[in-house]
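Undergrad: Before I ask anything, let me first share the structure, which is written out below as structure tokens.
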Amino acid sequence: MAHAHFLNSPKSFVVDALRGTVAATDDLEWHPEPGYLTRRQPLPTGQVALLSGGGSGHEPLHAGFVGRGMLTGACPGLVFSSPNALQVRAATKAVEAGGGVVHIVKNYTGDVLNFRIAGDMAEEDGIAVEHVLVDDDVASDRAGGPGRRGTAATIAVEKICGASAERGDDLGTVAELGRRTARNSRSMAVALRPCTVPGADAPSFDLPDGQIEIGIGIHGERGTERTDSMPAAKLVRRLADPVIAALDLKSGDPVIAIVNGLGGTPALELHLLFGELVDYLAEKDVVLRRSLVGSFVTALDMEGASITLVRCDDELLELWDAPTAAPGWPNAPTGEFAGIAAVSDTGFRSAVASREGAADVADTPDSLGRAAVGRWIGTFVERVLAEEPNLTDLDRRAGDGDFGTNMVAALDHVDVDKIRGTYSPATIFESLSDAYLSHAGGTSGALFGIWFRQFYRAATDSGGGLDLEAVTTAARQGLDTIRELGGAQRGDKTMIDAIEPAVVALESAVDTGGGLLDGLADAADAATRGAEATAGITASRGRASYVGEASRGIVDPGALVSSWFFVEAREAARTLG
């Protein structure tokens, strides 16, 4: 039985909520193409703009902190999934007022990747962009992984940067103050009960009664330690000790303390935790200069809390105290209710390629033409859509459960009938690339979008069908680009584990003069073995890396989908005359 939520449909959950968010806020405007929020009131000319964003489910982050004195805009993704690069690029152009734009990015792979791509695009547009990376979670601080996750310290960075921009500081100064804040911030979180993604029939991880999960992430990831429940005073010390150690706090050091609820924790309990933290900091002779208690960076309905400490100085305190109109910040003023947008005015709307009328490309024994590519990709899309529940379950057990949802979010926007019947090979691959880049979000959206973009380019360059050499070139370029952008290597339990052996098999077939079918058959076999082998790997990249050994025994869903791509290519080649 599905967990109870207020919703119309899991697919429309985020945009339905955005209608209410915008209606309840007087200085917030939604731009559905391709989907971002900005202040209604533009910045003064020359002022630095601040843009942040991330997966939905963390409210009031980030939309609640758009307003004078904090963010200029925000890019929401689907639940626990980063916004895509095209959203961020469009938002960057919209908020820029002549002073440049600071991107405030939580250290999750999808967020970092999409903001990086968007930042490069924005510079092509002539916009100066600085990135501030927030990486405060001490539970994920271990060698060989993607680094500390960005969690509740994000609001401190947004507040400090916002006040700096508001007083007229230049782009470099605003960014450096944000980086200083991030360097001096650390957090640790605990869950009493996991969260449940709307539409899912199970929570993000299993937690027996009487136990708690220490070191959890804000995307529903399980923690680094499971232990019996304990009194609040003892628990606060368990959370605060690694934070104090990471910041190397000494007697007399001043801090800002944030006790943050994760969505399902009553305010009474949060203030109880804060009271215990005050006592413990006094024992340590750490000087509490400012405090913030409430639910600001949540994980849907997770029952839990995080503790954040920010080492501060007089300049940071001045900026912390500066006024802001952001509605999510305590004591922010509210404006008069201005009505609610129509349902049709809210959504994520980005077109995907749909060009028709190109000359037909015939199939040959050595080349995949329009009909064969249509069968290949049409069957691949249908298979991924049909397997969404299984993909979601795999990701729920090894990561944060959004992979299947991301696949559907992209592939729901492609026209399978036209892929099978009328699109040219180039348009087929372009439509897939556009769909992933525009609608999936997250790491998977960016990387699958870049992957299909290489096949679009190969089909365009060939001017005809795809022979073995064209497929091999596209796959090699896709592999190299994914590795460069995502940083993963074979053995990290990602899509690379299926793609790399397939590319090696294709290149071997080209070198030995093999035929198209034999080369694709070898690639399919290699990709399948590579995907299956991920069950024996402990992830070191991607969100599965945050759950460590808990990912062992589970096939990586990205590798599995990548293997299907090569399997369906082989099946399409078998139909050639």
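The values are calculated or read from the model by the stated rules, or taken from the named source; none is laboratory data. No experiment lies behind these values; they were computed from the predicted model shown. Here the Cβ positions follow ideal geometry from the backbone for every residue, glycine too, while neighbour counts run over all protein chains shown.
Undergrad: Kindly indicate whether Thr181 is out of contact with any Gly (no Cβ under 7 Å at 6 or more places or on another chain), at pLDDT 95 or above and surrounded by fewer than 17 Cβ atoms within 10 Å (Cβ to Cβ).
TA: no
Undergrad: List the pairs whose first member sits in the stretch 501-521 and is within 24 Å of Gly491 (Cβ to Cβ), whose second member is in a helix (DSSP H, G or I) and of a type in the set (Asp, Glu), and whose Cβ atoms are under 7 Å apart, counting only residues at least 6 apart or on separate chains?
TA: Once the first residue is within 24 Å of Gly491 (Cβ to Cβ) and sits in the stretch 501-521, its partners that are in a helix (DSSP H, G or I) and of a type in the set (Asp, Glu) give Ala505/Asp522; Ala509/Asp518; Ala509/Asp522.
Undergrad: Could you give me the residue pairs with C-beta distances under 8 Å whose first residue belongs to the stretch 164-183 and is assigned to a loop (DSSP other than H, G, I, E, B), whose second residue is polar (S, T, N, Q) wherever it lies, and which are 6+ apart or on separate chains?
TA: Once the first residue is assigned to a loop (DSSP other than H, G, I, E, B) and sits in the stretch 164-183, its partners that are polar (S, T, N, Q) give Gly168/Gln47.
Undergrad: When you scan the stretch 438-477, how many residues do you find that are in contact with a Ser or Thr (Cβ under 7 Å, 6 or more places away or on another chain) and of a type in the set (Phe, Trp, Tyr)?
TA: 2
Undergrad: I've got another one for you. Condition check: within 27 Å of Ala409 (Cβ to Cβ), hydrophobic (A, V, I, L, M, F, W, C) and modelled with pLDDT of 95 or more. Does Ile340 satisfy that?
TA: Considered against the rule, which asks whether it is within 27 Å of Ala409 (Cβ to Cβ), hydrophobic (A, V, I, L, M, F, W, C) and modelled with pLDDT of 95 or more, Ile340 comes out as no.
Undergrad: Out of the stretch 381-410, which residues are under 30 Å from Gly357 (Cα atoms) and within 18 Å of the chain's Cα centre (by Cα)?
TA: Met407, Val408, Ala409, Ala410 - these are the residues of the stretch 381-410 that are under 30 Å from Gly357 (Cα atoms) and within 18 Å of the chain's Cα centre (by Cα).
Undergrad: Within the stretch 411-434, work out how many residues are in a loop (DSSP other than H, G, I, E, B) and either within 28 Å of the chain's Cα centre (by Cα) or small (Gly, Ala, Ser) (or both).
TA: 5
For (1) surrounded by fewer than 24 Cβ atoms within 10 Å (Cβ to Cβ); (2) touching a helix residue (DSSP H, G or I) at 6+ places or on another chain (Cβ under 9 Å); (3) part of a helix (DSSP H, G or I), each residue gets a yes or a no:
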residue: Val102; (1), (2), (3): no, yes, no
residue: Phe115; (1), (2), (3): no, yes, yes
residue: Gly119; (1), (2), (3): yes, yes, yes
residue: Lys159; (1), (2), (3): no, yes, yes
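Undergrad: Hey, among the residues in the stretch 190-219 that are β-branched (Val, Ile, Thr) and in contact with a helix residue (DSSP H, G or I) (Cβ under 8 Å, 6 or more places away or on another chain), which one's surrounded by the most Cβ atoms within 10 Å (Cβ to Cβ)?
TA: Ile216
Undergrad: Assess whether Ser367 counts as being among the hydroxyl-bearing types (Ser, Thr, Tyr), closer than 28 Å to Gly264 by Cα and either in contact with a Lys or Arg (Cβ under 9 Å, 6 or more places away or on another chain) or surrounded by 16 or more Cβ atoms within 10 Å (Cβ to Cβ) (or both).
TA: Answer is no for this residue.
Undergrad: Is at least one residue of the stretch 218-235 assigned to a loop (DSSP other than H, G, I, E, B), over 30 Å from the mean Cα position of the chain (by Cα), assigned by TED's automatic domain parsing to the domain that holds Val310 and of a type in the set (A, V, I, L, M, F, W, C)?
TA: Yes - at least one qualifying residue is present in the stretch 218-235.
Undergrad: Residues of the stretch 104-147 being among the small types (Gly, Ala, Ser) and touching a residue at least 40 places away in the same chain (Cβ under 8 Å), which ones?
TA: Answer for the stretch 104-147, where residues must be among the small types (Gly, Ala, Ser) and touching a residue at least 40 places away in the same chain (Cβ under 8 Å): Gly110, Ala128, Ala139, Ser140, Gly144, Gly145, Gly147.
Quick grid of which residues meet (1) in contact (Cβ under 8 Å) with a residue 24 or more places away in the chain; (2) of a type in the set (Ser, Thr, Tyr); (3) under 24 Å from Thr72 (Cα atoms):
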| site | (1), (2), (3) |
| --- | --- |
| Val286 | yes, no, no |
| Leu292 | yes, no, yes |
| Val297 | yes, no, yes |
| Asp314 | no, no, no |
| Leu319 | yes, no, yes |
| Asn331 | no, no, yes |
| Phe337 | yes, no, yes |
| Ile340 | yes, no, yes |
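Undergrad: Also, I was wondering about something else. Of all strands (runs of 3 or more DSSP E) completely enclosed by the stretch 1-99, which ones contain at least 2 residues that are buried (at least 24 other Cβ atoms within 10 Å of the Cβ)?
TA: Strands (runs of 3 or more DSSP E) meeting the threshold: 36-38, 49-56, 73-79.
Undergrad: What pairs come up if the first residue lies in the stretch 89-103 and is on the phi < 0 side of the Ramachandran plot, the second is of a type in the set (Phe, Trp, Tyr), and their beta carbons are under 8 Å apart, counting only those six or more places apart or on different chains?
TA: That search, which allows pairs on different chains as well, returns Ala90/Tyr36; Ala91/Tyr36; Ala94/Tyr36; His103/Phe115.
Undergrad: Then there's this: In this structure, is Arg375 basic (Lys, Arg), outside any strand (DSSP E or B) and at pLDDT 90 or above?
TA: yes
Undergrad: Here's another thing I want to ask about it. Among the candidates Val88, Val79, which residue alone is more than 23 Å from Asn184 (Cα to Cα) and touching a Phe, Trp or Tyr at 6+ places or on another chain (Cβ under 6 Å)?
TA: Being more than 23 Å from Asn184 (Cα to Cα) and touching a Phe, Trp or Tyr at 6+ places or on another chain (Cβ under 6 Å) holds for just one of Val88, Val79, which is Val88.
Undergrad: Give the number of residues within the stretch 435-458 that are out of contact with any Leu (no Cβ under 6 Å at 6 or more places or on another chain) and closer than 22 Å to Val361 by Cβ.
TA: Residues in the stretch 435-458 being out of contact with any Leu (no Cβ under 6 Å at 6 or more places or on another chain) and closer than 22 Å to Val361 by Cβ: 8 in total.
Undergrad: Could you tell me which of the residues Arg290, Arg311, Arg349 is of a type in the set (D, E, K, R) and surrounded by fewer than 16 Cβ atoms within 10 Å (Cβ to Cβ)?
TA: When all the criteria are applied, what remains is Arg349.
Undergrad: Hey, another quick one. Among the residues of the stretch 473-517, which ones are β-branched (Val, Ile, Thr), in a helix (DSSP H, G or I) and under 22 Å from Glu532 (Cα atoms)?
TA: Listed by number, the residues that qualify are Ile482, Ile496, Ile499, Val503, Val504.
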